[in-house]
Amino acid sequence: MTTVETIKDLFTRRDALRRFLKIDDLTAQVNEEEKKTESPDFWDDPKEAQKAMKTLQSKKSWINAFREVDNSCGDLQVLADFFDSGDATEEEVIEQIAITQPLVEALELKNMLQGESDRFDAVLSINAGAGGVEAQDWAEMLMRMYIRYAETHNYRVAISNSLDGEGAGIKSVTMQIEGEFAFGYLKSETGVHRLVRVSPFNAQGKRMTSFASVSVTPLVDDTIEVVVDMSRLSWDTFRSGGAGGQNVNKVESGVRLRYQYKDPYTGEEEEILIENTETRDQPKNKENAMRLLRSQLYERELRHRMEEQAKIKASQKKIEWGSQIRSYVFDDRRVKDHRTNYQTGDVTGVMDGKIDNFIKAYLMQFGGAE
């Protein structure tokens, strides 16, 4: 591809990102939401305010990332014009292309992370497989690799629990990796990782193969927003029954709540029916019925999230031959991902956390289908 074609391609991709991300709409939303944060009563409900601020910051991050791409493309356009008029060299244009291209690719990659759980923090677990002490050492090497990756991307790592190996390494470890789209990026690491090397633990210096499994799941927010659509809600009142209590029998203190529930994930509809006769006070009974409705809606959302977690868990493979997603062959200076066929000879770099190209290859090939 010539320099002119490369520039045209970058501008086309920039314009496509503007459309896909709906930058103009997003900017209008941010401006409106920022006005709300200036309201004197914005922080009256700290929990809701923090949630609103988190959403606002997320939208701003998309806008800022696109602006960086747009500004770099603008600089490239200026240099290209200068080159046409003889006021800039081709080397200067190529240098700006080298700055712009990674920015475009990074935003395109981030745009692949549109899954419900992609924005969450990640829980990453490593378990040593077949191979004894060698496998335990391999599990510890993988732990270091992911810690280095997290540090490079300014993610926070907290080790929840770790079980030391017998003699060397670790048998297992669970880490929480916190940061923007941590799960979205790291979900590609789920699977069996195979190591081939001359083992330092083998007295004969034999080449050995060992395995470790990596499991990555989203760390779902502990706050589930329950939204009641009042247009789908209706009330009936009736006289409460029961022994004694003349007031109970004469006053319509009992309430019947009908809620036309629509599952946000499947679109299926059903009526939720809740009756409440706890007290002789109709307003209190209505309040109790609403509380029970919110509890049901909360439970349904929680069940959905648990089912999503179960699907992710079900995708895990056994720690054995033939099930590996990636092979690390130290003697041949080669690391290869068997799903995408991407490989590199920079074994040292990979073990030092440079796994971005593996993640990118996976997301570009499979991310849009998830």
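The values are calculated or read from the model by the stated rules, or taken from the named source; none is laboratory data. The model shown is predicted, which means the values in this text are computed figures rather than measured ones. When we count neighbours, we look across all protein chains shown, and the Cβ atoms used for this are built from the backbone with ideal geometry, even at glycine. All accessible areas refer to the heavy atoms of the entire protein, side chains included, with ligands and DNA or RNA removed. Shrake-Rupley method; radii C 1.70, N 1.55, O 1.52, S 1.80 Å.
Say R0 is 22 Å: what FRET efficiency, to the nearest 0.05, do T55 and Q309 get from their beta-carbon distance? Could the numbers behind the result be given before it?
Details: r = 23 Å, r/R0 = 1.04.
Plugging the Cβ-Cβ distance into 1/(1 + (r/R0)^6) gives 0.45.
The GNM of the chain, with springs linking C-alpha atoms under 10 angstrom apart, assigns the highest mean-square fluctuation among V69, V227, V216 to V227.
Considering only L109, L76, L186, the mean-square fluctuation computed in a Gaussian network model of the chain, springs between alpha carbons under 10 angstrom, is largest for L76. Evaluated on the chain, the Kirkwood hydrodynamic radius is 25.3 Å, with distances taken between all distinct Cα atoms.
What's the FRET efficiency of D81 with E105 using the Cβ-Cβ distance as r and R₀ = 30 Å, to the nearest 0.05? Each step should come with its number before you reach the end.
On the way: r = 24 Å, r/R0 = 0.80.
So, using R0 = 30 Å, E works out to roughly 0.80.
Across D331, D44, D164, mean-square fluctuation computed from a Gaussian network of the chain (C-alpha pairs under 10 Å connected) peaks at D44.
Pairs from the table (K22/K311; K8/K187; K59/K311; K187/K354; K8/K354; K22/K354) lying more than 25 angstrom apart at Cα are K22/K311; K8/K187; K59/K311; K8/K354; K22/K354. Across the protein chains, with a 1.4 Å probe defining accessible surface, the residues L17, L163 rank L163, L17 from largest area downward.
When the accessible area of the chain is split by element with a 1.4 Å probe, what percent falls to carbon and sulfur? Could you put the intermediate results ahead of the total?
Details: 9940 of 20560 Å².
It is 48 percent, rounded to a whole number.
Given that compact globular proteins tend to follow 2.2 N^0.38 Å, what is the ratio of the alpha-carbon Rg of the stretch 15-155 to that value? The partial results should precede the final answer.
Values: Rg = 22.0 Å, N = 141, 2.2 N^0.38 = 14.4 Å.
Relative to the rule-of-thumb radius for its length, the stretch 15-155 sits at 1.52.
For a modelled paramagnetic label at T2, 7 Å from Cα along Cα-to-Cβ, the residues of the stretch 66-80 in reach, with backbone nitrogen under 20 Å, are 76-80. Once the 1.4 Å probe is applied to the protein heavy atoms, the chain comes out at 56 Å² accessible per residue. How many angstrom lie between the Cα centre of the stretch 45-110 and the Cα centre of the stretch 139-178? The stretch 45-110 and the stretch 139-178 have Cα centres separated by 33 Å. The accessible area of K286, taken with all protein chains in place and a 1.4 Å probe, comes to roughly 60 Å². Between R291 and R239, the simple label model (points 7 Å from Cα in the Cβ direction) yields a spacing of 2.8 nm.
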